[in-house]
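The values are calculated or read from the model by the stated rules, or taken from the named source; none is laboratory data. A quick note: this is a predicted structure, and the numbers were derived from the prediction, not measured. Here the Cβ positions follow ideal geometry from the backbone for every residue, glycine too, while neighbour counts run over all protein chains shown. Areas reflect the complete protein model, heavy atoms only, side chains present, ligands, DNA and RNA absent. Shrake-Rupley method; radii C 1.70, N 1.55, O 1.52, S 1.80 Å.
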Amino acid sequence: MSERIAIVGAGAVGAYVGGYFARAGEDVTLIDPWPEHVEAMRRDGLSLSGMTEGECFTTPVKAMHLTDVQSLARTGPIDIAFVCTKSYDTDWATAMIRGYLAPDATVVSLQNCINEETIARIVGWGRVVGCIAAKIAVELTGPAQVRRGVPLGGNKHTVFRVGEVHGRITPRIERIATMLGRVDSAKTTSNLWGERWSKLCANAQANGVSAATGLGNNGMAREPVTRWLSIRLAGEAARIGRALGYELETINKFSADDWIAATDGDAAVRERIEAEMIAACEGRSETGRPSMGQDIAKGRRTEIEMLNGYIVERGKEIGLAAPANAGLTAAVQAVERGEAPPGLERVAGI
Ligand SMILES: NC(=O)C1=CN([C@@H]2O[C@H](COP(=O)(O)OP(=O)(O)OC[C@H]3O[C@@H](n4cnc5c(N)ncnc54)[C@H](OP(=O)(O)O)[C@@H]3O)[C@@H](O)[C@H]2O)C=CC1
Ligand SMILES: CC(C)(CO)C(=O)C(=O)O
């Protein structure tokens, strides 16, 4: 019998992955608090779209309102729960599903930021697995509608990186990588923490900038002010991650050393990075924006504290300042509180 899978938080990432799982015949239940979204998924199925025709399909899915989660007690325990909520919802979402987990269940953090410890506090370290989703760029555009704004990673770029907190490659992460391989390219990693911090650097350089300015991925790449800010955000984050002892992976095609050198004034490296940022616009949706840009556009809370704010806090612990990350955190918070509208002016002085 196949494992019973729960997607806890069927937003952009959860519904995208859950839709592919359902189409592949996995026994998957998508759990979400948005009533219209759940009703639409039940009634019409889930519609996914992407950059090519093959990525556009509608599939029937099992969708569950948050208020129906108690019914899982009747239908049998969950073997794999993917937590796909925003970081600030991690603890209560994990606590909610805990009571319905099989004794040897796995809880996968399929999120940005670093939430494994929060999940472990609730279900125990032995049940926790982390999964990075790199360059997936999906958006819940309406009830039961998810759009992907970047091409599939395929054999050019590995999107899903699944790892154990202890770094060993185990059958359960191999199984999870196989499942995710039906969505897009996936691999196991022995370097979960390094992957996590590297993804934090990648998100730190784009998500908050989009939230503060209102620009999408291509807008940020074409604007000199945001290009330079993005470099410094990544450079500070990479320097702190390195000092904390993480083994950093490639961050948006460049090494941690490159991001740090460009931040420190190496003009040649900076020029190479900026050229690559501009080239990356090719083949990408003009409307695509990071999840935090989507949050501001929808008037929702952002993950800024757990992203750029977290980098600032971890830097303080070891005596490294992160002024660009601190400035951006403040700018996004001002926009989030409605004190100022998004615009280039929010970040021009950082
Ligand atoms: N979008 C993207 O391209 C990418 C996002 N990520 C990361 O993935 C995570 C999810 O992001 P994303 O999918 O964009 O966010 P969304 O806001 O689209 O989805 C999160 C969903 O979780 C729901 N939710 C909140 N609390 C609970 C709960 N207790 N139980 C069940 N569902 C709950 C939310 O409902 P409600 O809206 O009602 O609060 C929402 O539908 C974030 O950490 C993000 O940074 C990573 C890679 C790419
Ligand atoms: C930058 C991106 C799209 C990478 O998948 C992401 O992680 C996000 O939007 O939060």
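Pull out the extension gain between E282 and A102, defined as 0.36 nm times the separation in residues minus the alpha carbon to alpha carbon distance; nm, one decimal.
Contour length minus the Cα-Cα distance gives 60.3 nm.
Are there trypsin sites (Lys or Arg not before Pro) in region 250-350 that DSSP marks as loop and that have at most 15 other Cβ atoms within 10 Å, and which are they?
For trypsin sites (Lys or Arg not before Pro) across region 250-350 that sit outside H, G, I, E and B with at most 15 neighbouring Cβ atoms in 10 Å, the list reads K253, K298, R300, R301, R337.
What shape does region 127-219 have by the C-alpha gyration tensor, where a ≥ b ≥ c are the square roots of the eigenvalues, rounded means a/c under 1.5, and otherwise prolate means a/b greater than b/c and oblate the rest?
Prolate shape, in that a/c is at least 1.5 and a/b is the bigger ratio.
What net charge is computed for the residues neighbouring G11, neighbours being all others with C-beta under 12 Å from the C-beta of G11, Lys and Arg scored +1, Asp and Glu -1?
Result for the local shell: -1.
Rounded to the nearest 5, what % of the DSSP beta bridges within the chain are antiparallel ones?
Taking every DSSP beta bridge with both residues in the chain, the antiparallel ones total about 30 percent.
Could you state the angle between the C-alpha long axis of helix 171-180 and the longest principal axis of the C-alpha atoms of the chain, as a value from 0 to 90 degrees rounded to the nearest 10?
Rounded to the nearest ten degrees, it is 80.
Probe 1.4 Å, all protein chains in place: accessible area of S291 in Å², nearest 10?
30 Å²
Which shape class applies to region 198-348: rounded if a/c is under 1.5, otherwise prolate when a/b exceeds b/c and oblate if not, where a ≥ b ≥ c are the square roots of the Cα gyration tensor eigenvalues?
It is oblate, given that a/c is not under 1.5 and a/b is not larger than b/c.
How many angstrom lie between the Cα centre of region 279-348 and the Cα centre of region 174-230?
13 Å
Taking the Cβ-Cβ separation of R337 and K316 as r and a Förster radius of 22 Å, what is the calculated FRET efficiency to the nearest 0.05?
Between R337 and K316 the formula returns 0.45.
Any chance you could check the Cα centroid distance between region 141-161 and region 3-79 for me, in angstrom?
Spelled out, the Cα-based centre of one part sits 16 Å from the other.
Using only Cα atoms and rounding to the nearest 10 degrees, what angle (0 to 90) does helix 35-44 make with the longest principal axis of the chain?
Relative to the chain, helix 35-44 is tipped by roughly 60 degrees.
Taking θ = phi - 60°, what integer Hz values does the Karplus form 6.51 cos²θ - 1.76 cosθ + 1.60 yield along region 24-34, in sequence order, with x for Gly and Pro?
Once rounded to whole Hz, the list reads 7, x, 6, 8, 10, 10, 9, 10, 8, x, 7.
Once fully extended, how much extra length lies between E345 and L244, figured as 0.36 nm per residue of separation less the alpha-carbon to alpha-carbon distance?
33.1 nm
According to the square roots a ≥ b ≥ c of the eigenvalues of the Cα gyration tensor, what is the shape class of region 43-166, taking rounded for a/c under 1.5, prolate for a/b larger than b/c otherwise, and oblate for the remainder?
It comes out oblate by the Cα gyration axes.
If I model region 103-144 as equal point scatterers sitting on the Cα atoms and use the Debye formula, what is log10 I(q)/I(0) at q = 0.19 Å⁻¹?
-0.65
Expressed in nm to one decimal, what extension gain is obtained for the pair R300 and L66 from 0.36 nm per residue of sequence separation less their Cα-Cα distance?
Residue separation times 0.36 nm, minus the Cα-Cα distance, leaves 82.3 nm.
At 222 nm, what value in deg cm²/dmol follows for the chain if DSSP H runs of at least 4 each add -39500 (n - 2.57) and the sum is divided by all its residues, to the nearest 500?
Here the helix-only value at 222 nm equals -13000 deg cm²/dmol.
Of K135/K156; K62/K135; K86/K199; K199/K253; K86/K135; K187/K298, which ones are farther than 21 Å apart at the Cα?
Those over the limit are K62/K135; K187/K298.
Rounding to the nearest 10 and keeping the result within 0 to 90°, find how far the Cα-based axis of helix 323-336 lies from the longest principal axis of the chain.
60 degrees
For the pair T170 and S190, how long in nm is the line joining their label points, each one 7 Å along Cα→Cβ?
In this crude label model, T170 to S190 measures out at 1.7 nm.
Skipping prolines and chain starts, which residues have an amide H placed within reach, meaning under 5 Å, of the one on M64, given they are 5 or more residues away or on another chain?
L30, I31, D32
Which residues make up the longest stretch of the chain clear of GluC sites (Glu not before Pro) that lie in a DSSP loop with no more than 13 other Cβ atoms within 10 Å, not counting the sites?
1-281
Please list, in chain and number order, the residues 5+ apart from R4 or on another chain whose amide H is under 5 Å from its amide H, with Hs placed from the backbone.
D79, I80
With a 10 Å cut-off between alpha carbons and a GNM built on the chain, which of T85, T302, T178 moves the most?
T178
Rounded to the nearest 0.05, what FRET efficiency do D264 and W34 give with R0 = 51 Å and r taken as the Cβ-Cβ distance? Could you check?
In this case the efficiency is close to 0.70.
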